[in-house]
C-alpha cells in the first residue's frame, strides 16, 4: 500500500510540473519563453539558449545565447539581434514583427494587462 502511495505521489508531482511548464509561451519557431513584467511592459526570455545565423554576406555570423524579446506598453518591441520592431495581438494570438523576422505566438494570450491598444 505504501509503495502505491509513493507511485501516486510521484505521478501527481510530475503532472503538476508538466502543468507549470505549460504556462510558458511557445513561438512559431518552437521555442519556449517565460514571461516577466516590468514598468515598461513584458519581457519574454527563452527557456533554452538559441543560435541565430545572421546573413550579411562576408560579415555573416552566428549569435548565440538566451533569446530576450521586450514588448512595450505602446506596442513597440526590441530584440538585441533584430533591433526595434512592434507587436500586436488578435483572437489568434500575438506576434512580434521586426524588419527581417516575425515571431508568432499562435493561440496564446498575454495575460499581463497590456496590449488592448495593440490590436491588429
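For the pair residue 52 and residue 81 in one chain, pulling the backbone fully straight at 0.36 nm per residue adds 9.6 nm over the alpha carbon distance. Can you tell me the FRET efficiency between residue 62 and residue 119 if r is taken as the Cβ-Cβ distance and R0 is 30 Å, rounded to the nearest 0.05? Using R0 = 30 Å, I get an efficiency of 0.25. With a ≥ b ≥ c the root eigenvalues of the C-alpha gyration tensor of the stretch 36-78, is it rounded (a/c under 1.5), prolate (a/b larger than b/c) or oblate? The shape class here is oblate. Would you work out if the stretch 25-120 is rounded, prolate or oblate? Take a ≥ b ≥ c from the square roots of the eigenvalues of the alpha-carbon gyration tensor; rounded if a/c is under 1.5, else prolate when a/b is larger than b/c, oblate otherwise. Prolate shape, in that a/c is at least 1.5 and a/b is the bigger ratio.
In this structure, residue 107 and residue 31 have a Cβ-Cβ separation that, at R0 = 22 Å, corresponds to a calculated FRET efficiency of about 0.90.
No lab work stands behind these numbers, since they all come straight from the coordinates. Nothing here was measured: the structure is a model prediction, and the numbers come from that model. Here the Cβ is made from the backbone with ideal geometry for all residues, glycine too, and neighbour counts use every protein chain on show.
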